[in-house]
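Only one structure is covered here, and it is reproduced in the block below.
The values are calculated or read from the model by the stated rules, or taken from the named source; none is laboratory data. What you see is a predicted model, and the numbers here were worked out from it, not measured in a lab. Methodologically, a virtual Cβ is constructed for each residue, glycine included, from the backbone with ideal geometry; neighbour enumeration extends over all protein chains shown. We work out accessible area using only protein heavy atoms, side chains counted, and drop any ligands, DNA or RNA first. Shrake-Rupley method; radii C 1.70, N 1.55, O 1.52, S 1.80 Å.
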Amino acid sequence: AYESGTLGVSAVPGSGKTHTLAMLAAKLAERLVRDADPAVPPGMEPIVLIVTFSNAAVNNFKDRIGRMMADRGLIPGIGYSVKTLHSMAAEIIREGGANYGLDPEAAIVDQTMSEYILQKIIRRTPREHLRGLFDLVANENLEISKRDKAFSEKWCDYLMKVTQTVIKRAKDLEISPERLNELLELVPSSDRSSYLLLQGIAEFYEQYQSQLAAYPGYDFEDLMTNAYRILDSDERLLAFYQKRWPFILEDEAQDSSAIQERVLRLLSGETGNWVRVGTPNQAINVTFTTSNPHYLLDFLMEADMKVELDCSGRSTKSILAAANHLIRWTTRDHPLESMRGALTEPYIYLTPRDDASPNPKDEPLRVVFDPK
């Protein structure tokens, strides 16, 4: 039996969090391999699951963990699995989706294809309808002229970006097009003029989902929503994956969204082993996805154990001092009190003198561009 518990790791940029998480994965995988029950058939044995954000990160982890396993005299690729969150969700749908009316063989619609489908829907919308939506929100801040060329290009691009944001957020909150329309019907008639743009976007959302169903395909948000739906409804399948993945290690947890967190909470269970590693002050995906670093920050408060990786050898002393000054000013002195939570501790410390990754020589008056 393995000890149970959650671990939150708050890491600063350049602290070696990828290396640290890979080492932990290799250590846990070694334990599982050495304690493996030979009677358990292949594909059923417990393994360490490492989930991360991008395919590039998956390849990086596979390479690092593979070398560490080889150093331990074990076969790389045994005892662990590295996946993107979306490929993990796709596996769950393939395994259990047929029982819930989902096509396990449906294509995965990437961001480029998703944008193409939505762009086609908007550009095929009658011009007078688009102009009506335009008139609702047009103002000087949008820098959109009512001249035909500006209207057809800038407004359609702006409307597409807003529609994408609404659809992603709705799916993150498990709000279907039908449910969104139901909620809009509940708006008092006196306030409905404020929701006309959202009503138009709801129509695009409905058409978008119809196009995906006809394809058939699931976009990235559908993958997570459907995976949660399956796991929340199928106790047998949930128990299988909890046994299959007794350790879940999450990389880049500052980029987690509400639906991603709910899926991982189900998989880890009440007493499961869930390690979340992230850099709260490096949550750049929040600007174009539904991710939010507060999910990681809240987890750090509730985790059974919290660790800070606060030493970084990536930058010079002057750069780290400037970064720490920005953290200190934001958290204490930002003129907008609501913005004081935008950054958070820990501060970034220099590596020790005998560290294998020392900080570069401090030359604050020089700016160097590395051609590599």
Item to check | Residue under evaluation GLY43, criteria (1) in a helix (DSSP H, G or I); (2) of a type in the set (Gly, Ala, Ser); (3) loosely packed, with under 14 Cβ neighbours inside 10 Å, criterion not met | outcome: (1)
Next on the checklist: Being more than 18 Å from ALA239 (Cα to Cα) and touching a helix residue (DSSP H, G or I) at 6+ places or on another chain (Cβ under 8 Å) is the filter here; which residues of region 24-50 pass it?
Outcome noted: ALA25, ALA26, ALA29, GLU30, ILE50
Checklist entry - In region 206-229, how many are hydroxyl-bearing (Ser, Thr, Tyr) and either open to solvent by 60 Å² or more (accessible area, probe 1.4 Å) or outside any helix (DSSP H, G or I) (or both)? => result 3
Item to check | All positions within region 257-296 that are under 20 Å from ASP234 (Cα atoms) and outside any helix (DSSP H, G or I) | outcome: GLY269, GLU270, THR271, GLY272
Next on the checklist: Just checking, does region 314-335 include any residue being open to solvent by 70 Å² or more (accessible area, probe 1.4 Å), assigned to a loop (DSSP other than H, G, I, E, B) and farther than 24 Å from THR18 by Cβ?
Outcome noted: yes
Item to check | Test: residue in region 209-223 that is touching a Phe, Trp or Tyr at 6+ places or on another chain (Cβ under 6 Å) and within 23 Å of VAL48 (Cα to Cα) | outcome: no
Item to check | Selection status of SER190, at pLDDT 95 or above, in a helix (DSSP H, G or I), hydroxyl-bearing (Ser, Thr, Tyr) and open to solvent by 60 Å² or more (accessible area, probe 1.4 Å) | outcome: no
Checklist entry - Restricting the search to region 87-102, which residues are open to solvent by 20 Å² or more (accessible area, probe 1.4 Å), out of contact with any Lys or Arg (no Cβ under 9 Å at 6 or more places or on another chain) and over 25 Å from GLU203 (Cβ atoms)? => result SER87, ARG94, GLU95, ALA98, ASN99
Item to check | Some residue of region 165-180 being farther than 26 Å from THR287 by Cβ and open to solvent by 70 Å² or more (accessible area, probe 1.4 Å) | outcome: yes
Item to check | Single residue of region 138-153 satisfying the filter (in contact with a Phe, Trp or Tyr (Cβ under 9 Å, 6 or more places away or on another chain) and in a helix (DSSP H, G or I)) that is modelled with the highest pLDDT | outcome: PHE151
Item to check | Residue list for region 264-294, restricted to those being of a type in the set (Lys, Arg) and open to solvent by 50 Å² or more (accessible area, probe 1.4 Å) | outcome: ARG265
Next on the checklist: Anything in region 66-86 that is of a type in the set (Gly, Ala, Ser), surrounded by 16 or more Cβ atoms within 10 Å (Cβ to Cβ) and in contact with a helix residue (DSSP H, G or I) (Cβ under 8 Å, 6 or more places away or on another chain)? List them, or say none.
Outcome noted: GLY79
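Listed here are the residues, each with its yes/no results for (1) at pLDDT 90 or above; (2) not in a helix (DSSP H, G or I); (3) not hydroxyl-bearing (Ser, Thr, Tyr).
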{"site": "ASP298", "(1), (2), (3)": "yes, no, yes"}
{"site": "LEU343", "(1), (2), (3)": "yes, yes, yes"}
{"site": "TYR347", "(1), (2), (3)": "yes, yes, no"}
{"site": "ALA356", "(1), (2), (3)": "no, yes, yes"}
{"site": "GLU363", "(1), (2), (3)": "no, yes, yes"}
Checklist entry - Looking at THR351, is it of a type in the set (S, T, N, Q), out of contact with any helix residue (DSSP H, G or I) (no Cβ under 7 Å at 6 or more places or on another chain) and open to solvent by 40 Å² or more (accessible area, probe 1.4 Å)? => result no
Item to check | Odd one out for CYS156 among (1) at pLDDT 95 or above; (2) surrounded by 14 or more Cβ atoms within 10 Å (Cβ to Cβ) | outcome: (1)
